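The values are calculated or read from the model by the stated rules, or taken from the named source; none is laboratory data. Computed from a prediction, not measured in an experiment: that's the story for all the values here. Because the Cβ atoms are built from the backbone with ideal geometry, glycine has one as well, and the counts that use them run over all protein chains shown. Just the protein is used for accessible areas: all its heavy atoms, side chains included, with ligands, DNA and RNA removed. Shrake-Rupley method; radii C 1.70, N 1.55, O 1.52, S 1.80 Å.
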Amino acid sequence: MFEWLSSVRPHTARPSDEFLLEQYASLRRQIPLMYALMFINVVFLGIATFRDVPWGMSFGIPAALSAVIIVRALLWFRRRSIVATPRDVQLYLRGTIVTAALLSMVFGGWGSLLFSEAEHIRSVSISLYVFVGAISCCFCLQALPMAGYLVLLFGVMPVTIRLLVSSDWSLFSVGANFLIVALLILRTLSTSHSGFKQVLQSRATMLAEQERARAAEQKAQVLAYRDPLTGLANRRALTERLDTFVRRDPPAQIYLFMLDLDMFKGVNDAHGHGAGDRLLQAVASRLKTIVEGVGHAYRLGGDEFAVTLELAMGQHAAAVATADRLVQEIAAPFRIDGFLHHISASIGISRFPADASGREALMQHADIAMYNAKSLGRSRHSSFEPSMGAELAERAVLEREIRADFRTGAFHPHYQPIVNLSSGCIAGFEMLARWARADGVTIGPNQFIPIIEECGLIGELMLSLLEQVCIDAASWPNELTIAVNVSPIQFRDPWLSEKILAVLTRQGFSSRRISLEITENALISDPVAAQRIIESLKNQGMSLALDDFGTGYSSIQHLRMLPFDKLKVDRSFVRNVDTDDAAYRMVTAMIRLADSLQLSVVAEGVESRSVCDTLQRLGCQEVQGYLFGEPMSAADVSGILRDSPQGIRQREAAPWR
Ligand code: C2E
Ligand code: CA
Ligand code: CA
């Protein structure tokens with residue numbers, strides 16, 4: 001029976017749980033009312049036919065029907081207080097359909113019996129009772145049309161058929177009316193049910209739409225406060241958190257760290273944005289691990305990060321320890337796509353309320369302290385002090401001016417002669433960058449080169465200066481070499497040697513005339529990469545000089561490992577080699593070391609005859625310094641070479657000084 005019912009269910013697809021529950025809710029309201037109507041109807045019909053028909057028919061059947069009706073009504077009444085599951089509901093509905101069929105069979109059959117027993121006039125009122133009773137039930141069963149159809153079939157049809165087949169015209173017309181009304185009810189049942197379904201459907205769609213909108217809003221909220229690349233909180237989250245912090249009463253102590261990655265741009269340029277992104281993600285995850293539990297980490301954009309720590313007064317040491325750890329952890333190499341990247345972080349620290357009274361000042365002061373950390377040599381932290389402000393404002397102005405002048409030709413090469421001591425002739429020149437500023441103020445490379453490095457523009461500057469060197473030196477004697485300084489940062493570019501060669505090839509300039517000056521710092525951060533680039537440069541025919549020897553973290557190992565041709569003794573040792581015993585011993589040792597490694601030695605910063613004589617006695621091959629000439633323009637170099645084609649012997653003989 002249940003299978004049959006399932007197969008004749010009005011909806012072909014399995015009704016949704018929500019639909020079932022709605023059907024049930026509607027029936028729970030209507031069915032007790034339906035049973036009440038039926039009960040009244042049965043009682044009245046019993047009373048109306050009392051005495052006219054056998055006792056069993058006017059009392060027995062209605063009594064039995066009423067008992068069933070009462071039981072069913074009580075059952076539905078009880079269900080009002082039960083929370084039904086969709087499965088329960090399915091069972092209830094099937095039960096209702098079966099009961100509707102059985103009760104209407106009994107009711108319709110009883111009506112039909114009464115009809116045949118009663119006299120003509122009574123049979124019309126009996127059929128009306130039956131008809132009205134069954135129709136009222138159909139209305140109450142609108143939410144369950146199958147039950148309604150069965151009530152029409154079994155409850156209404158028996159009397160209607162009797163009316164239609166009777167030979168009396170008036171009874172036939174009543175039957176015909178019943179039939180028409182029954183058909184109308186049938187149609188109403190089916191349309192009201194599909195309306196019911198539609199309402200539910202649109203309500204479900206609306207709810208789903210609302211849910212989607214709510215989820216989208218939540219997502220937008222998350223996005224507004226998260227950095228999509230690293231998943232860290234963003235600048236907006238930081239400003240809002242700081243705002244809540246600074247408004248607290250009594251005020252809490254907050255440490256704000258502004259963190260800027262050093263040399264990140266080099267990685268990005270050399271290895272592409274994909275590698276850069278992965279590096280930023282790796283940095284973010286180290287940051288998160290370190291500050292977890294003690295504070296929060298943020299990415300403010302680019303390679304800028306921030307950390308907030310909420311610490312009780314007197315916990316300064318804990319803040320410093322965290323900053324130390326951050327510096328250390330970020331200086332440890334990152335392995336991305338098989339490459340080891342060495343970067344570092346400069347951290348500025350500012351405290352609320354000690355260093356700033358509000359959020360903006362707190363952020364600004366942490367920024368200032370961060371620039372201070374960078375200017376002190378990077379990979380360190382620095383706590384804000386009021387005196388820092390002016391210095392850093394100056395640096396910011398300088399950076400803006402450098403960027404504005406960068407591709408305008410304002411950066412150009414000057415050349416300082418390097419003299420061979422045994423021949424007394426110019427062996428070549430060192431190219432040194434100069435900045436021609438519109439305001440005429442001289443700003444030397446010691447100031448602008450670190451900023452250009454920081455801006456990630458040093459590679460571009462070197463190549464454009466090299467291009468100019470090729471043009472300038474094209475007309476100078478072929479045996480003159482030009483020394484070009486290579487910044488340690490450029491060794492992060494795996495294509496460095498190819499880029500240099502491309503310039504030389506384009507200009508038709510022999511690579512044998514180029515000597516590259518490298519400081520020891522270039523060899524420290526990533527010796528393997530540096531070695532590869534250096535070997536490739538050597539293979540192109542360029543010579544290599546180790547610059548500023550003695551000032552960096554020298555390692556004899558570097559000298560032995562790498563194919564250097566020259567060693568440049570730093571001017572801090574050369575300056576007083578003639579008067580200071582310690583300097584003398586140092587320079588002697590350096591020259592001996594170079595000798596044993598078969599490298600030639602260039603002494604820089606030679607300003608006096610006496611220094612020059614001492615160096616000559618020690619066996620130094622080449623010298624460079626104001627004694628022989630300051631860095632000068634290409635036109636001045638051409639002038640000297642024209643006037644004194646044999647080169648110069650000594651400062652006194654140098655007509656351009
Ligand atoms: P450096 O490579 O050690 O260059 C030598 C510096 O010593 C130059 O300073 C030069 O003018 C100066 N100098 C030369 N002779 C004497 C002397 O007799 N006495 C004294 N006191 N100084 C002398 P400059 O031109 O200011 O350059 C400073 C540094 O800037 C350079 O040091 C080099 O590290 C860097 N630099 C300059 N141009 C470039 C460049 O094109 N690329 C890169 N990466 N660095 C550059
Ligand atoms: Ca140099
Ligand atoms: Ca030098």
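With Cα atoms defining each centre, the stretch 34-77 and the stretch 352-416 are spaced 98 Å apart in the structure. Take the Cα of S638, go 7 Å toward its beta carbon, and the backbone nitrogen atoms of the stretch 452-477 under 15 Å from that spot belong to 468-477. Scattering from the chain was approximated by placing one identical point on each alpha carbon and applying the Debye formula without solvent; log10 I(q)/I(0) at 0.08, 0.11 1/Å stands at -0.74, -1.09. Summary value for the stretch 466-591: 21 percent relative contact order, contacts being C-alpha pairs under 8 angstrom separated by 6+ residues.
Only four residue types carry charge here, +1 at the Cβ of Lys and Arg and -1 at the Cβ of Asp and Glu. Report the dipole size of the chain about the Cα centre in Debye, rounded to the nearest 20. Charge dipole of the chain: 3400 debye, to the nearest 20.
Compared with the dominant Cα axis of the chain, that is its longest principal axis, helix 235-247 is turned about 90°. Spin-label model, T551 to E304: label points 7 Å out along the Cα-to-beta-carbon direction sit 3.1 nm apart. Solvent exposure of the stretch 261-316 amounts to 41 Å² per residue of accessible area, where only protein heavy atoms count and the probe is 1.4 Å. Straight-line cross-link partners of K288 among the lysines, defined as a Cα under 29 Å from its Cα and at least 8 positions apart when in the same chain: K219, K265, K374. The Rg/Rh ratio of the stretch 505-562, with both radii computed over alpha carbons and Rh defined as the Kirkwood radius, is 1.01. Let me know the longest stretch in the chain that avoids all chymotrypsin sites (Phe, Trp or Tyr not before Pro) found in a DSSP loop with at most 16 other C-beta atoms within 10 Å. Result for the longest clean stretch: 51-494.
Using a probe of 1.4 angstrom and keeping all protein chains present, the accessible surface of the stretch 168-241 works out to 66 square angstrom per residue. Which of A297, I524, S116 sits farthest toward the positive end of the charge dipole of the chain, with +1 on the Cβ of Lys and Arg and -1 on the Cβ of Asp and Glu? Working it through, the farthest residue towards the positive pole turns out to be S116. What base-10 log of the normalised intensity I(q)/I(0) is obtained for the stretch 347-394 from the Debye formula, alpha carbons as equal point scatterers, at q = 0.22, 0.28 Å⁻¹? Per q value, in the given order, log10 I(q)/I(0) is -0.65, -0.97. Using a Förster radius of 22 Å, what is the FRET efficiency between R78 and M105 based on their Cβ-Cβ separation? Nearest 0.05, please. For R78 and M105, the calculated efficiency is 0.30. Once both axes come from the Cα atoms, what is the angle between helix 264-291 and the longest principal axis of the chain, in degrees from 0 to 90, rounded to 10? Value to nearest ten degrees: 60.
Between 0 and 90 degrees, the angle of helix 388-405 with respect to the longest Cα principal axis of the chain falls at about 90 degrees. For the chain, the share of accessible area belonging to carbon and sulfur comes to 57 percent (1.4 Å probe, ligands and nucleic acids excluded). Between exposed GluC sites (Glu not before Pro) in the chain, where DSSP calls loop and at most 13 other Cβ atoms lie within 10 Å, what's the longest gap? It works out to 293-478. Here's the list of lysines a cross-link from K566 could span, going by alpha-carbon distance under 20 Å and ignoring same-chain residues fewer than 8 apart: K538. Looking at the chain alone, DSSP beta bridges between its own residues are antiparallel in about 60 percent of cases. At 4 °C and a viscosity of 1.567 mPa s, what translational diffusion coefficient does Stokes-Einstein give for the stretch 156-290, taking Rh as the Kirkwood radius over Cα pairs? Give it in µm²/s as a whole number. The estimated diffusion coefficient comes to 57 µm²/s. Equivalent-ellipsoid semi-axes for the stretch 568-634 (Cα gyration tensor, √(5λ), whole Å, largest first): 19, 15, 9.
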